[in-house]
Amino acid sequence: MRTWNWMFAAVLLAASSAVAQQPSNSQTTAQPDASSATQASSTAASQTTSQSQAQQPTTPPPAVSALPQPTTMDQVVDRFLEREHNLIKALSTRTPVVETYLQNLSADPQLGPVPSGDHYFLGRMDMGESVDRKDYLKEQDKGMQIRLMGGFQKLFKVQYQPLGFSWMVYADRSDFDRQHYEFHYIRREFLGDVRCLVFDVTPKKNSGKGRFLGRIWVEDQDWNIVRLNGTYAPAPRNSYFFHMDSWRLNLIPGYWVPAYIYSEEGDFSAGVKNKMAFKAQTRIWGYDLKKGGKDDELTQIRVDSVKDDSPTAQDASPLQAEREWQQQAEDNVVERLTRAGLVAPEGDVDRILQTVVNNLEVTNNIDLPRPVRTRVLLTAPLETFSVGNTIVISRGLIDVLPDEASLAAVLSHELAHIVLGHNLGSKFAFNDRMLFSDESTYSNLGFKHVPEEETAADKKAVELLKNSPYAQKLDSVGLFLKALQARAPQLNALLTTHLGNTLTENGTVSRLSSLLTTGPALDANKLDQIAALPLGGRVKINPWDDKAEMVKTAPVAITSARDKMPFEVTPFYPRLARFGAANAPATAPTTAANSNTGN
Ligand SMILES: [Zn+2]
């Protein structure tokens with residue numbers, strides 16, 4: 001109970017600084033004159049020196065530039081071009097996870113643009129010279145364009161061929177130089193805690209198709225690009241490129257790695273003929289995952305170093321043996337999913353989840369032989385599952401839940417499976433079943449219960465909830481389920497689960513459906529009624545090491561029904577900070593819709 005409130009308190013603190021960020025941006029859009037830039041550079045020079053001395057030997061080793069600290073804008077351009085090429089080189093051995101979630105939009109007279117359909121893509125991106133991509137979802141093998149874009153693939157053909165949205169991690173992979181581009185210094189500006197120089201980038205005439213056109217932000221210590229905003233031009237005939245806003249984070253010394261990309265197209269003003277519209281979030285994580293999968297699987301057989309030191313070493317009884325076996329399966333699965341970049345390492349978010357589970361257990365006198373653990377699935381689709389005594393809940397689902405009671409509700413379903421002994425995972429105690437490539441995780445692991453067990457778990461879950469501190473707050477659970485019901489037909493991809501049971505069947509809420517009638521009616525016009533949140537408002541992932549953390553945002557007043565945006569995609573606005581900066585919330589992806597977290 002307390003933790004969730006604590007989150008809101010934390011949320012409050014950070015939002016005031018986020019609000020403060022806005023005006024400070026405009027104030028610091030200062031003097032685009034060369035003399036002040038020079039001054040800034042010399043300060044930056046000394047900072048850089050001290051920073052490079054402090055750098056630790058992490059991979060990839062930060063390349064020390066051979067160029068002197070810039071004193072003119074021309075030299076700044078040279079520096080960021082060099083840094084960009086170094087970044088491409090430094091990341092070329094990496095194969096991060098890339099997730100794109102896209103919502104097609106149609107106009108609703110009351111709510112504005114609302115999702116009319118959605119698409120989901122998840123894969124590993126090989127950032128080496130030969131750009132390659134492997135998909136986690138097997139249906140995509142045939143053609144990601146079709147999966148992602150439905151009928152739109154023709155329009156966006158070119159952009160989708162190499163990498164889909166992940167194309168947009170670099171301005172120009174091969175030809176980002178003065179021969180192909182003009183760079184115009186605009187002004188200085190803070191992004192979060194980081195002072196940046198802003199440049200407009202335009203391709204030179206006849207420099208080829210698909211060149212970057214837009215604006216870049218360059219931090220003024222090491223001269224790395226931290227944000228790209230624009231599109232690619234000129235487009236080939238009969239197709240065009242999306243617009244994108246691409247953000248990087250300083251997660252390792254000296255480098256800013258691509259982390260978030262927001263795309264949006266569409267114009268809902270009167271008289272516009274092209275009604276095509278969508279918005280999409282791309283997240284990149286798992287930079288530090290081991291390359292390969294199956295090969296190094298064989299070299300990574302785990303040796304458990306924990307010795308059995310119980311005072312009277314006894315033989316295992318049949319029941320004990322069964323439990324050991326389940327524990328082994330559970331450990332195998334959690335470890336394998338973590339290694340595939342699908343589950344976050346144990347961390348802060350788990351402590352919050354565990355507190356909620358504990359609240360349910362204590363008030364229901366549940367005493368299990370092994371403790372219940374929780375983990376965060378790093379992906380967006382709304383799902384939960386359990387393996388052994390570990391409950392796994394997706395980042396996307398935590399994001400959209402309006403309060404602690406609704407979190408307790410989704411966790412109670414999995415706790416009910418555990419209490420009822422619905423254990424599915426024991427076959428994974430055989431280690432050969434863990435030997436598969438990361439990309440084939442979804443076809444090798446699965447934790448879907450039969451309908452009878454689902455019904456029984458729902459029934460038990462409601463019992464647990466009614467006997468818990470959340471008993472008086474089930475109205476908000478009912479509201480959440482109603483909001484889910486209202487949007488379910490349009491959010492098929494978000495509701496398609498990959499490891500656990502779905503929350504809906506054929507567009508109708510099936511999970512905890514007996515609570516669907518609880519609470520007041522869903523009313524978009526009631527501004528104080530927050531039934532479900534947008535995606536991205538609760539959990540942030542560190543793209544380098546996959547750690548999950550709660551987002552610290554402040555409430556922003558909701559002024560119209562259009563501010564609510566339940567289950568929707570919004571732009572990214574991470575608060576940038578330098579690596580190692582004091583309490584650096586380097587990865588805080590506050591989204592434009594954090595407004596909703598403030599109830
Ligand atoms: Zn279930």
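The values are calculated or read from the model by the stated rules, or taken from the named source; none is laboratory data. Note that this is a predicted model, so its numbers are computed, not measured. With ideal geometry, Cβ positions are generated from the backbone for all residues, glycine too; neighbour counts draw on all protein chains shown.
Remarks
- Within segment 78-124, being in a loop (DSSP other than H, G, I, E, B) and closer than 18 Å to residue 543 by Cα holds for 91, 92, 93, 94, 95, 96.
- Among the numbered conditions (1) within 16 Å of the ligand (Cβ to nearest atom); (2) in contact with a Leu (Cβ under 7 Å, 6 or more places away or on another chain), the only one that residue 513 does not meet is (2).
- Test: residue in segment 520-535 that is free of Cβ contacts under 8 Å to residues at least 24 places away in the same chain, surrounded by fewer than 18 Cβ atoms within 10 Å (Cβ to Cβ), closer than 20 Å to residue 102 by Cα and more than 16 Å from the ligand (Cβ to nearest atom): no
- Check on residue 483, crowded, with 23+ Cβ neighbours inside 10 Å and either away from the ligand (no atom under 16 Å from the Cβ) or without any contact (Cβ under 8 Å) to a residue 12 or more places away in the chain (or both): yes
- Selection count, segment 415-461, where residues are β-branched (Val, Ile, Thr) and more than 16 Å from the ligand (Cβ to nearest atom): 1
- Among (1) farther than 27 Å from residue 251 by Cα; (2) at pLDDT below 95, the one test that residue 182 misses: (2)
- Restricting attention to segment 425-461 and to residues that are in a helix (DSSP H, G or I) and among the aromatic types (Phe, Trp, Tyr), the residue that is surrounded by the most Cβ atoms within 10 Å (Cβ to Cβ) turns out to be 428.
- Selection within segment 211-225 - part of a strand (DSSP E or B), in contact (Cβ under 8 Å) with a residue 40 or more places away in the chain and under 17 Å from residue 73 (Cα atoms): 216, 218, 219, 225
- Residue count, segment 441-459 (criterion: in contact with a His (Cβ under 7 Å, 6 or more places away or on another chain) and modelled with pLDDT of 95 or more): 3
- Going through (1) more than 15 Å from the ligand (Cβ to nearest atom); (2) of a type in the set (Gly, Ala, Ser); (3) more than 17 Å from residue 531 (Cα to Cα); (4) in contact with a Gly (Cβ under 9 Å, 6 or more places away or on another chain) one by one, residue 500 falls short only on (1).
- Between 366, 391, the distinction of being within 26 Å of residue 510 (Cα to Cα) and surrounded by 24 or more Cβ atoms within 10 Å (Cβ to Cβ) belongs to 391 only.
- Being more than 15 Å from residue 329 (Cα to Cα), touching a residue at least 40 places away in the same chain (Cβ under 8 Å), within 16 Å of the ligand (Cβ to nearest atom) and of a type in the set (A, V, I, L, M, F, W, C) holds for only one residue in 411, 401, and it is 411.
- Residues (of a type in the set (Ser, Thr, Tyr), modelled with pLDDT of 90 or more and assigned to a loop (DSSP other than H, G, I, E, B)) located in segment 535-582: 570
- Subset of segment 487-497 [in contact (Cβ under 8 Å) with a residue 60 or more places away in the chain and either more than 15 Å from the ligand (Cβ to nearest atom) or more than 25 Å from the chain's Cα centre (by Cα) (or both)]: 487, 490, 491, 492, 493, 494, 496
- Verdict on residue 473 being touching a residue at least 40 places away in the same chain (Cβ under 8 Å), in contact with an Asp or Glu (Cβ under 8 Å, 6 or more places away or on another chain) and of a type outside the set (Val, Ile, Thr): yes
- Segment 462-472, residues that are charged (D, E, K, R) and within 16 Å of the ligand (Cβ to nearest atom): 463
- Selection count, segment 358-398, where residues are away from the ligand (no atom under 16 Å from the Cβ), farther than 28 Å from residue 565 by Cβ and in a loop (DSSP other than H, G, I, E, B): 8
- Taken over segment 420-452, the criterion of being under 31 Å from the mean Cα position of the chain (by Cα) and over 23 Å from residue 343 (Cα atoms) is satisfied by 450, 451.
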